[in-house]
Structures are given as C-alpha cells and as structure tokens.
Amino acid sequence: MSAVQHRPIIKPLPSQLANQIAAGEVIERPASVVKELVENALDAGATRIDIELNNGGMTGIMISDNGSGISADELSLAIARHATSKIESVDDLLSLQSLGFRGEALASMCSVSQWEIISRNATAQQAAKLSYQLPERILDVNHAYGTSVTINHLFHNTPARRKFLRAERTEFRHCDEVIKRMALARFDVGFYVKHNGKQTLRLPAVKDDIGRARRVAQVCSQQFINQSLTIDYPHNDMRLWGWISQPDFSRQSTDLQYFYINGRIIRDRVINHAIRFAYQSILPPGRHAVYVLHLEIDPANVDVNVHPTKHEVRFAESRLIHDFISRSLRNALGANDEDAVHDISATYVSQDNHATFDSFQIAQTPNQYYVSESRFGNVLSIAHNRFAITQQQDKFFIIDLVKASARWVASHWIRSFKEQKVKSQPLLIPLRLTLTDEQKLSFSKSESLLQELGIQLTVDVNGDSLLRYIPNLADVYSRDELCINLLDASLNKNNLESQIVNVLTQTGLELSKLNLSDILLLLSEKNDLSAANDFTECWRELDELALQEWFKS
C-alpha cells in the first residue's frame with residue numbers, strides 16, 4: 001500500500017521573507033533604491049536632496065533631504081510593509097498626487113540591507129534614529145530638519161540577488177541616470193551627488209526659464225538646447241510643455257528621451273507612438289529625436305497603479321492623448337512652414353461614446369508629414385476611433401482602419417501560414433478562457449490548424465482552456481477575443497483567408513499599435529478592381545466639402 005501523501009499546510013509567510021519577495025519586485029539594483037528614496041524625499045516637499053554613493057551604490061547609499069520629516073512615533077511604521085501616509089482610501093488611489101504610494105519600498109530595501117533612518121520634523125527638538133542593529137528601539141540624535149536614509153551592503157543577505165549586480169561603473173551609471181531623470185522632473189529642487197567621496201553632479205534649484213534650460217543642457221547637452229524648440233500647448237484640462245529637438249538634431253539611440261506625466265517619468269506605448277508619428281517623416285531611418293516633455297493631466301484620467309515600479313500607466317482615453325501629443329509636436333515642428341493653412345472642424349468620439357470636438361490644421365502642401373510614399377499622403381487625424389483622415393495635395397481620403405488592418409494582417413498571416421513560417425509569441429501569463437460546448441468541439445476539430453496559425457490553446461487539469469501563444473502579426477488585436485472568434489468561425493483551409501478577414505473585422509484592436517505606413521502602402525498596391533485581394537472597400541476619396549459633410553453625418 002502506497003503511503004498517503006499529505007498536502008502542505010497553508011500558512012502566512014514570515015514577515016522578513018514576504019519583504020524579501022517584495023524586494024524582488026521593487027528593488028532590482030542600487031538605482032532602484034535611489035529612485036524610491038528620492039521619490040520619498042520629493043513627496044516630503046524637499047527642496048534640496050543630497051545623494052552619496054559608494055561603489056556604484058552596492059556598498060553604500062545615503063540620501064538626505066530637507067523635507068517635512070517623520071515624527072518619532074511614526075518611524076517604526078515607516079519600515080512596515082504597506083504602511084504609508086500618501087493614500088487612505090480607494091478614491092486617493094484613483095487620483096494619485098504623490099510619486100510613491102504603495103508603502104512597501106522602505107520595508108523591502110530594509111529587508112535586504114544594513115539600514116539606518118534618521119528623521120526630524122518641524123515640531124521636534126531632536127531627530128529620531130532607527131537602524132537594523134536596534135530595530136525595536138528609537139534613539140534621540142542630532143540632525144537637521146528632514147530625513148537621511150542609509151542603505152549599506154545591498155543584498156548582503158540574499159546572495160542569489162547580489163550576483164546579478166554588475167560592475168561598479170555600470171551600477172553607478174544606472175544610479176546617475178535615475179537622478180538625472182528626477183532632476184528633469186523637478187526643476188525647483190536642488191540635486192547634489194557624490195560618488196566615492198567625489199562630487200559628480202551639482203544641480204541647484206531653479207525657478208525661471210533660463211535656469212530650467214540650463215539644467216536641461218547639463219543633462220542632455222548644450223547642443224540639444226541650441227537646436228531644440230521650446231513648446232507649451234494647453235488644451236482643455238491638459239498641458240504639454242518642454243523641449244523637443246529640431247529635425248536636424250537627432251541621435252542613433254533613444255537614450256535622451258524623457259517624458260513625464262504629472263512629474264512622474266513613464267514609458268508608454270501610446271505616447272512613444274505619438275512622438276514617433278510626429279517625427280517619422282522628418283527624421284532619417286535609424287535616427288531618433290531628443291526630448292524632455294511634461295504632460296500635465298487630471299490625475300483621475302491616468303492610472304499609475306499598473307506596475308510595481310510605477311513606470312507604466314493606463315489612460316482613460318488613450319486615443320485623445322495620442323492625438324493631442326502628436327498634433328502638438330507636428331504643429332511645433334512645422335512652425336516655420338510658409339504654406340497657408342486653414343482649419344477644418346473634426347469630431348473625435350472616445351470609446352465611451354461621448355463626443356468631443358476639436359480642430360486640426362491641414363497644410364496645403366503637407367510635405368513634412370508623409371508616413372509613406374502611398375497615394376494617400378499624410379495622416380491628419382483619427383475620427384470615431386476607427387477612420388484615418390488623410391490628405392494628398394487637394395484630395396482627402398477616409399480609410400477604414402478596421403477593414404484595412406484586417407486585410408493587411410490576414411494577407412501576411414496567410415502567406416506565412418502557407419510557407420509554414422508563422423512566428424508566435426508566448427504570453428507571460430496565459431489567458432484563461434471560458435469556452436462553450438460548441439467552441440470546445442470546434443477546438444477539438446481545428447487544434448492542429450490553430451497551431452499552424454501560431455495559436456496554442458491548452459486545457460488544464462480543471463478543464464479550463466488556457467491561451468499560451470498568439471501570432472506576432474495579430475498583436476494589435478484583443479487576444480482572448482481573437483481566439484474565441486476563431487473558434488466560432490469553424491475554420492477550414494479551403495476558405496481560410498476570407499474567414500480570418502471576417503474574424504479580424506469583428507475583433508477589437510488597439511489602433512495605437514497599427515503600422516499605418518505598411519497599411520497605406522498595401523492599400524496603394526491593391527487599389528484596382530482586378531486585384532485578388534480587393535482593398536477598394538477600405539477607403540473613399542473625398543473633396544474638402546464632402547469631408548466636412550462626412551464629419552457632420
């Protein structure tokens with residue numbers, strides 16, 4: 001008789017272990033510590049931040065500020081996990097005003113280092129000190145108003161993490177980049193940096209345009225400032241301001257691209273696409289713009305609580321943000337164009353179906369903003385979250401991006417399928433799908449065909465279906481919806497391309513991911529009635545009067 005196997009008992013993790021696991025998400029390297037501590041100093045209202053690093057931050061990080069400080073009776077809570085002064089309710093989380101808010105950074109870094117915190121607020125006669133040596137005892141010490149945090153020997157008790165750190169020079173470069181990013185976010189704060197006892201950066205606080213330009217020059221080079229445009233575009237409850245490079249100044253890499261939302265540096269595909277779209281026709285292939293841009297927006301319209309490092313965001317209306325940024329940059333880059341312009345009223349309908357009205361300018365000879373050498377010219381705007389409005393000299397075109405994308409993706413997808421060269425990408429977290437009996441039957445009949453198309457669907461021990469791979473070409477579409485629609489279509493090889501076109505037309509897609517240049521070129525090549533793949537249904541040619549009538553309809 002086999003021995004009975006007992007399931008391990010569910011029990012809470014020890015606090016120290018939980019903090020070390022959290023540190024794996026928040027603290028990647030010394031630069032992560034610097035980022036979190038500087039953010040805390042800024043949230044505390046500091047106007048001066050001093051940063052001292054030893055051995056690239058691996059053996060020592062000390063950050064001192066002149067902010068509001070922490071009272072002695074709250075100091076123990078400062079290192080407790082999920083303890084924070086920055087949010088109190090869900091409403092605060094939906095409209096964040098601070099850089100940090102999760103309440104886990106200090107607890108995480110203290111769990112993997114030898115630490116010390118000294119802080120004094122404006123009402124205290126002396127500062128309070130807490131350290132790893134006596135974590136239960138708060139000592140009275142002398143210290144100026146503000147807070148000093150020391151993090152020594154990072155990952156000393158987690159050698160598996162420490163071995164992934166790089167050379168001193170590499171780790172210091174990451175720390176230096178984080179500090180410069182912060183400095184370009186807050187011009188009213190002074191940043192002073194020492195590495196191994198030697199001062200490496202000195203950025204006094206500034207409050208005027210000349211001082212801000214001087215700081216940008218220190219970080220991005222004086223040459224950039226000399227060949228940049230200063231922009232400031234307010235629009236409703238948004239404002240875009242900063243510095244952008246002129247077309248004759250560019251770089252081979254994207255290392256000098258800084259974008260901030262409400263003072264927080266972010267990386268976002270919608271914004272990156274909007275900026276590339278503004279520059280793509282005026283920069284040579286392989287060259288990249290330089291910019292320092294700030295977007296001010298109602299915090300309730302942007303969600304920063306989507307990633308532990310808070311570098312990614314989610315917009316309530318991403319299409320509106322995309323159009324505002326790309327249009328503002330195009331206007332600035334075309335400011336010296338002597339061609340006459342006139343306004344045409346355009347309608348933008350957001351995904352919640354509430355219409356808003358805006359205007360854009362159409363250049364009579366838009367020779368700077370071509371996205372391709374197609375017959376359709378340059379893209380002016382996206383209307384109704386579906387139609388591209390383009391202009392080629394005195395002709396206007398309405399392009400149905402849903403139909404055009406379906407045709408474009410399907411034609412490339414089928415070609416790769418026939419050549420057995422479909423490339424797929426694994427999903428980091430498999431999507432769990434709930435299938436009907438009919439869909440399960442369809443899957444059992446078409447499983448091998450789906451795999452040839454680059455879609456891998458498996459069934460777990462509970463009978464649930466998990467989507468694990470999707471084809472690269474279909475990345476612009478909603479993944480789970482695409483899989484469900486393919487199963488509903490009961491695919492067969494005899495009519496595969498038309499079936500896929502129908503499926504893609506019915507599947508939600510993210511317009512910001514579309515490569516408009518490729519689509520417009522394909523439409524231009526397939527614009528005759530005798531073409532095997534008829535693209536004529538995807539676009540209409542209009543004159544200016546017809547375009548205005550179309551917007552009114």
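The values are calculated or read from the model by the stated rules, or taken from the named source; none is laboratory data. Everything numeric here is computed off the predicted structure, so don't read it as measured data. Every residue, glycine as well, gets a Cβ built from its backbone with ideal geometry; the counts of neighbours run over all protein chains shown. Surface areas here come from the heavy atoms of the whole protein model, side chains and all, with no ligands, DNA or RNA. Shrake-Rupley method; radii C 1.70, N 1.55, O 1.52, S 1.80 Å.
Quote the relative contact order of the stretch 222-327 in percent (integer), defining contacts as alpha-carbon pairs under 8 Å separated by 6+ residues. The normalised contact order for the stretch 222-327 reaches 31 percent. Oblate is the label for the stretch 129-183. Its Cα gyration tensor axes, ordered a ≥ b ≥ c, give a/c of at least 1.5 and b/c at or above a/b. Put the Cα centre of the stretch 203-267 next to the Cα centre of the stretch 131-152 and the gap is 37 Å.
For the stretch 161-305, report the accessible area per residue in Å² (1.4 Å probe, heavy atoms, rounded to an integer).
Value returned for the stretch 161-305: 49 Å² of accessible area per residue.
Suppose R0 equals 41 Å. What FRET efficiency, 1/(1 + (r/R0)^6) with r the Cβ-Cβ distance, do residue 437 and residue 298 give to the nearest 0.05? FRET efficiency, residue 437 to residue 298: 0.35.
Overall, the stretch 408-471 carries a charge dipole of about 320 debye about its Cα centre when +1 sits on the Cβ of Lys and Arg and -1 on the Cβ of Asp and Glu, all other atoms neutral. Amide H contacts of residue 157 (H built 1.01 Å from N, in plane; Pro and chain starts excluded): no residue 5 or more places away or on another chain comes under 5 Å. Under a 5 Å amide H cut-off, with hydrogens placed 1.01 Å from N, residue 70 pairs with 120, 121 among residues at least 5 apart or on other chains. Each of 254, 290, 160 was placed along the dipole of the stretch 152-308 (beta-carbon charges, centred on the mean Cα), and the one lying farthest toward the positive end is 160. Note on residue 429 and residue 217: their simple-model spin labels are 4.7 nm apart, each label 7 Å out from Cα toward Cβ. Applying the Kirkwood pairwise sum to the alpha-carbon positions of the stretch 215-320 produces a hydrodynamic radius of 14.6 angstrom.
For the residue pairs 445/493; 493/513; 421/445; 180/207; 421/493; 35/194, alpha carbon separations beyond 19 Å are given by 493/513; 421/445. Taken along the Cα-to-beta-carbon direction at a fixed 7 Å, the label points for residue 71 and residue 162 span 3.9 nm.
Each Lys or Arg adds one and each Asp or Glu takes one away; over the other residues whose Cβ falls under 13 Å from the Cβ of residue 212, this sums to 0. Using 0.36 nm per residue and subtracting the Cα-Cα separation, the extra length available between residue 480 and residue 125 on full extension is 121.8 nm. Under the convention that each Lys and Arg Cβ holds +1 and each Asp and Glu Cβ holds -1, the size of the dipole of the stretch 472-526 around its Cα centre is about 100 debye. This model, with +1 at the C-beta of Lys and Arg and -1 at the C-beta of Asp and Glu, gives the stretch 161-249 a dipole about its Cα centre of some 740 debye.
Annotation: amide H of residue 200 within the under-5 Å range of 193, 194, 195, sequence separation 5 or more or interchain, hydrogens built in the peptide plane. Between residue 198 and residue 421, the C-beta separation translates, for a Förster distance of 51 Å, into a calculated FRET efficiency of about 0.40.
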